[in-house]
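The values are calculated or read from the model by the stated rules, or taken from the named source; none is laboratory data. Small disclaimer: the values here were computed from a predicted structure and weren't measured. Glycine gets a Cβ as well: all are built from the backbone with ideal geometry, and neighbour counts include every protein chain shown. Only protein heavy atoms, including side chains, enter the accessible area calculation; ligands, DNA and RNA are left aside. Shrake-Rupley method; radii C 1.70, N 1.55, O 1.52, S 1.80 Å.
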Amino acid sequence: MVKIRRSGMWEGARRLLLGNQEKSGLLVRLLLYALLIVIGFIYLYPLLYMLATSFKSLSDLLNDSVKWIPTALYLDNYKQALEVMKFRETFIDTLLLSLIPAVLQVLVASLTGYAFARYRFRGRLLLLGVLILTFVLPKQATMMPTYLLFKDMDIIGTLHAFTLPAGLGQGINSAIITLIFYQFYRQLPDSIVEAAQLDGCGHWKVFVRIALPTAGAAFLIGFLFSFVWYWNETYLTSLYVAGTGLGNKHSMSTLLLELRQFEASYKLLYPEGATSVNRINESIRMAGTMICIAPLLLVYFALQRYFVQSVDMVGLKD
């Protein structure tokens with residue numbers, strides 16, 4: 001009787017700590033929470049450091065006792081950073097260079113993904129392999145031929161340098177967006193498509209009336225990914241749109257490009273005098289960085305719930 005009780009106690013303790021097939025145990029959950037806290041700290045620490053430092057005055061930076069919380073919110077750092085980065089004009093350019101190509105890229109990827117998923121034609125697998133190859137191939141291998149082509153077309157320094165490739169399915173990481181739509185449309189039941197065709201719907205009507213209304217999750221994921229990729233792109237932007245260092249006339253810029261030359265622009269706008277009042281410091285640099293990432297953070301917080309739901313709906317498995 002005593003052995004049975006002890007065995008039952010050990011079994012209960014084991015289930016409490018390790019759990020069973022239906023429920024995770026206490027020890028497993030503690031390890032999971034500890035891992036999530038560590039990962040969250042790794043990601044949040046730089047952001048919290050930038051935010052706290054961006055509001056520090058010069059006296060707070062020089063004061064060793066001020067670590068995280070500044071003595072007062074010093075807003076002049078943001079005022080100077082906004083002036084140095086020419087925020088209004090640069091933000092409009094950044095929005096145009098991110099929003100319009102992202103919309104075009106998603107629309108074209110939805111059509112391409114639907115064609116690969118729903119139709120069987122000769123050379124389909126070969127073309128799908130070529131599509132994947134365009135993602136694997138490094139952009140450095142194609143940048144000079146592309147630059148020469150854009151120069152002959154006289155679109156260097158214009159928005160067309162981004163919208164034209166996006167509209168032709170060769171935008172930034174277009175292959176990934178196409179594969180997302182491809183996987184999503186593959187899960188569309190054949191019975192629904194066949195029923196629509198029996199009702200007299202042609203290929204285009206099936207796509208517009210059946211496929212598109214059910215692909216909202218794929219559109220949201222594709223648009224967010226594309227928008228962030230275009231927003232964060234500096235290499236291709238400096239080459240095709242801004243053309244810095246290549247003798248091209250500067251016509252458009254982005255916040256991240258302005259951040260790259262932030263210190264040089266600051267010294268031109270605020271020359272150093274006999275004192276160090278106008279000298280650039282860490283707080284002003286952090287303020288400029290926060291200005292660059294703040295729009296993306298706002299978009300994420302606004303669409304977080306829909307984005308997570310879309311990821312769960314789309315998935316990347318059959």
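The table below gives the values:
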{"read-out": "Accessible heavy-atom area order of S54, S191, highest first, probe of 1.4 Å", "value": "S191, S54"}
{"read-out": "Loop-located trypsin sites (Lys or Arg not before Pro) in the range 116-216, at most 15 other Cβ atoms within 10 Å (DSSP)", "value": "R120, R122"}
{"read-out": "Two-decimal ratio, the range 105-164, of alpha-carbon radius of gyration to 2.2 N^0.38 Å", "value": "1.41"}
{"read-out": "Unit Cα scatterers, Debye sum, the range 128-251: log10 I(q)/I(0) for q = 0.14, 0.18, 0.20, 0.21 Å⁻¹", "value": "-0.73, -0.99, -1.12, -1.19"}
{"read-out": "Bins of 5 Å, starting at 0 and running to the largest distance - Cα pair percent for the range 49-203", "value": "1, 8, 11, 12, 12, 10, 9, 8, 9, 8, 5, 4, 2, 1, 0, 0"}
{"read-out": "Solvent accessible area, Å² - I210, 1.4 Å probe, full protein context", "value": "40"}
{"read-out": "Cα pair distances in the range 46-98, grouped into 5 Å bins until the bin that holds the longest one, percent each", "value": "4, 19, 20, 18, 15, 11, 7, 5, 1"}
